[in-house]
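Written out below as structure tokens is the structure these notes cover.
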Amino acid sequence: MRAQFVFQEIWIGLRRNLTMTISLVITVAIAMALFGTGLLIRSQVDSSKSYWYDRIEVSVFLCAKTSSTPSCSRRDVTDQQKQVIEGQLKKLPQVAGVEYENKEQAFKRFKERFSGSPGFVESTQQGDIPDSYRIKLKNPEQYEEVAKVARSLGGVDQVINEREILKRFFNILNGLQGAALLIALIQVIAAVLLVGNTVRLSAFNRRRETGIMRLVGASNTYIQMPFILEGAIAGLIGGLFASVLLIFSKKLLIDRLAGNVEMVSQLGWSTVVYVIIVSICFGVLLCAAASFLTLRRYLRI
Amino acid sequence: MVLNRRDAAVIHFDNVTKAYPTQNRPALQHVNVAIEKGEFLFLVGPSGSGKSTFLRLVLKEERPSQGHVHVAGKDLSRLSNWKVPHLRRRIGCVFQDFRLLPNKNVFENVAFALEVIGKPRRFIGKVVPEVIDLVGLEGKAHRMPDELSGGEQQRVAIARAFVNRPMILLADEPTGNIDPATSIGIMKVLDRINRTGTTVVMATHDAAIVDAFRKRVVELEDGRVVRDQSRGVYGQAY
């Protein structure tokens, strides 16, 4: 009885404010989709970060004839220099391990890593990547000291910290995430204001009903419930649309990004489902709370 | 003697003053009235004399600036806000403008009062037709408000006010929008409800009705009780 009555009232309320309800649903959908996308990017960044940072190395590339660095003087590194370099690097306290990688191994690794972009691989030949020592650091933060020592040694062409390269990539992702969350925040504000207006209209449309309810002694919960549920249902519908958008954003944005840069740890559907559930709950709670707060202003109890 | 009367009172105004912040003169000043269970009381006086404020205080829609209002032996100033709905369930209200829901028929309008306080459907199905008969609207349960005359609409409003069998029925100028002949019918319904033991407080301008019914009359003027007379008439008694 009660439930049927309440739902009847909600239906009337939503129908009377149809245009407001539609705009509310759209706003909530966009807000929640962006919010969810932000979460998806974050979890993508987190999972790839930990994957990559475990494997991160400092590469000390050795001189080759093709090198244009002046200190190499267009000569290949000598075996003697190699021994000095290896010995010096191994002595450093920050270094966990040193591994030699010749041109064949380097090319093979390159092909693996960029298997997602065959064009890029084709334009590169074996021998383009010089011999190198790959240094594993005990603590990736201590990169600078190691690099300084390595650069001072004869026969060293370039010292490259993979972390720096990755950082740039992660910065892009972080920027995307920040932008998504920022727009989501603006949309959330718009949604809250819209909920406020919808509830105000709804309260005005139903002032006769609520007036009588008050008079005959309906409890506050009973009077407020239809309004709050109205907001919550609009939030739920918005959340459902958002989840469709999120599935698209996983397919179109995240998967493509991952395809380009071989992310190894691809975002699983379980994460997407988790994000969708969080977004829907957030949307529903947001709308219900906004309804509740505006009710206190526009509905005399 | 006075004490006994107050103990038995279903509504008791104890030196009540009500001042609205935007008005210089208080709407009610030092009002002392005790209304006993089962009484029928006319509240008379010109517009702005404080009749509506009196009724609103009984419903706890307003709080007195001074003094205490007791309803059913309870001091309303000590009644917490969440209990106010329970107070209002024991008080029925009728207004000059009926306040019916235009998109609901007679049955639904009366049933609404029970639905929103969570009464079960079976109970509603039983008591609503009884009350519709009591107010003299037999066979009109499925009419919409705009298909009814003013008098009939007011009967629907009375049915809605009475359907939960309140202890008190407050009527604020219930015959104000109704022609004199029809008003007699409305008064008969209120009288019938009064005979079931319900206390009826009716604010009115209608001298003819007050004079005809000879019930207790409390007259307000500028917020003061200037007359409290049993079996009174509208005008000043000589």
Lys pairs under 18 Å by Cα in the range A:55-162, provided they are eight or more residues apart or on distinct chains = 16
From the square roots a ≥ b ≥ c of the eigenvalues of the alpha-carbon gyration tensor of the protein assembly as shown, which class results: rounded (a/c under 1.5), prolate (a/b over b/c), or oblate?
-> prolate
Under 4.7 Å Cβ to Cβ, no partner at all: give me those cysteines from chain A, in residue order.
-> A:Cys281, A:Cys287
Taking Cα pairs under 8 Å and at least six residues apart, what relative contact order does chain A come out at, in percent?
-> 33 percent
Once the in-chain neighbours fewer than 8 apart are removed, the lysines whose Cα is under 27 Å from B:Lys119 read B:Lys37, B:Lys60, B:Lys74, B:Lys83, B:Lys104, B:Lys140
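Can you tell me how much longer the chain between B:Arg214 and B:His86 gets when fully stretched, taken as 0.36 nm per residue apart minus their C-alpha distance, in nm with one decimal?
Values: separation 128, 0.36 × 128 = 46.08 nm, distance 3.24 nm.
42.8 nm is the gain from fully extending B:Arg214 to B:His86.
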Counting only complete DSSP H runs, which helices of chain B cover 15 Å or more along their long axis at the Cα atoms and score a mean Kyte-Doolittle of 0.0 or above?
-> B:121-134, B:180-195
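Kindly state, to the nearest 0.05, the FRET efficiency for B:Lys126 paired with A:Ile26, given R0 = 56 Å and r defined as their beta-carbon distance. Walk me through the intermediate numbers first.
Numbers: r = 47 Å, r/R0 = 0.83.
The calculated FRET efficiency here is 0.75.
Is the shape of chain A best called rounded, prolate or oblate, per the rule: a/c under 1.5 gives rounded, else a/b larger than b/c gives prolate, else oblate, with a ≥ b ≥ c the square roots of the Cα gyration tensor eigenvalues? Write out the running numbers ahead of the final one.
Details: a/c = 4.67, a/b = 3.61, b/c = 1.29.
The shape class here is prolate.
With a probe of 1.4 Å, find how much accessible area the range B:103-210 has per residue, and write the answer as a whole number in Å².
Ligands and nucleic acids excluded, the result is 38 Å² per residue.
Based on DSSP H assignment, which helices of chain A show an axial Cα extent of at least 30 Å together with a mean Kyte-Doolittle hydropathy greater than or equal to -1.0?
Details: long enough: A:18-55 (55 Å, 0.71); A:162-205 (63 Å, 1.01); A:220-249 (42 Å, 1.47); A:269-298 (43 Å, 1.63).
Result, helices passing both filters: A:18-55, A:162-205, A:220-249, A:269-298.
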How many nm separate the modelled label positions at B:Gln23 and A:Asp76, each set 7 Å beyond the Cα in the direction of the Cβ?
-> 10.7 nm
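Grab the Cα-Cα distance for B:Asn103 and B:Ser77, subtract it from 0.36 nm times how many residues apart they are, and report the gain in nm with one decimal.
Details: separation 26, 0.36 × 26 = 9.36 nm, distance 3.70 nm.
Stretched fully, the B:Asn103-B:Ser77 segment lengthens by 5.7 nm.
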Distance in nm between label sites at A:Lys138 and A:Leu18, each 7 Å beyond Cα in the beta-carbon direction?
-> 7.2 nm
List the lysines whose alpha-carbon lies under 17 Å from that of B:Lys188, not counting same-chain residues fewer than 8 positions away?
-> B:Lys215
Counting only protein heavy atoms with a 1.4 Å probe and every protein chain in place, the carbon and sulfur fraction of the accessible surface of the protein assembly as shown in whole percent equals 56 percent
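Using alpha-carbon pairs under 8 Å, 6+ residues apart, how would you state the relative contact order of the range A:152-301 in percent? It would help to have the intermediate numbers written out before the result.
Details: 88 pairs, mean separation 54.6, N = 150.
Contact order relative to length: 36 percent.
Give me the 1.4 Å probe accessible area per residue for the range A:55-162, excluding ligands and nucleic acids, in Å².
Values: 6430 Å² over 108 residues.
Per residue, the range A:55-162 has 59 Å² of solvent-accessible surface.
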Magnitude of the Cβ-charge dipole (Lys and Arg +1, Asp and Glu -1) of the range A:55-162 about the Cα centre, nearest 20 debye, reported as 120 debye
Accessible area drop of at least 40 Å² (1.4 Å probe, protein heavy atoms): which residues of the range A:207-243 qualify, relative to the chain alone?
-> A:Arg208, A:Glu209, A:Ile212, A:Arg214, A:Leu215, A:Val216, A:Gly217
Projected label distance in nm at A:Val121 and A:Tyr51, using a 7 Å step from Cα toward the beta-carbon = 1.7 nm
Summed buried accessible area for B+A [probe radius 1.4 Å, Å², rounded to 100] = 1900 Å²
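Label the range A:55-162 by shape, choosing from rounded, prolate and oblate, from the square roots a ≥ b ≥ c of the eigenvalues of the Cα gyration tensor; if a/c is under 1.5 it is rounded, and otherwise prolate applies when a/b is larger than b/c, oblate when it is not. Please list the in-between numbers first.
Details: a/c = 2.09, a/b = 1.26, b/c = 1.66.
Oblate.
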Over the range A:55-162, what relative contact order in percent results from Cα pairs under 8 Å that are six or more residues apart?
-> 49 percent
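The values are calculated or read from the model by the stated rules, or taken from the named source; none is laboratory data. Model, not experiment: these values are computed from the prediction. Glycine gets a Cβ as well: all are built from the backbone with ideal geometry, and neighbour counts include every protein chain shown. Side chains are part of the model used for accessible areas, which takes the heavy atoms of the whole protein and leaves out ligands, DNA and RNA. Shrake-Rupley method; radii C 1.70, N 1.55, O 1.52, S 1.80 Å.
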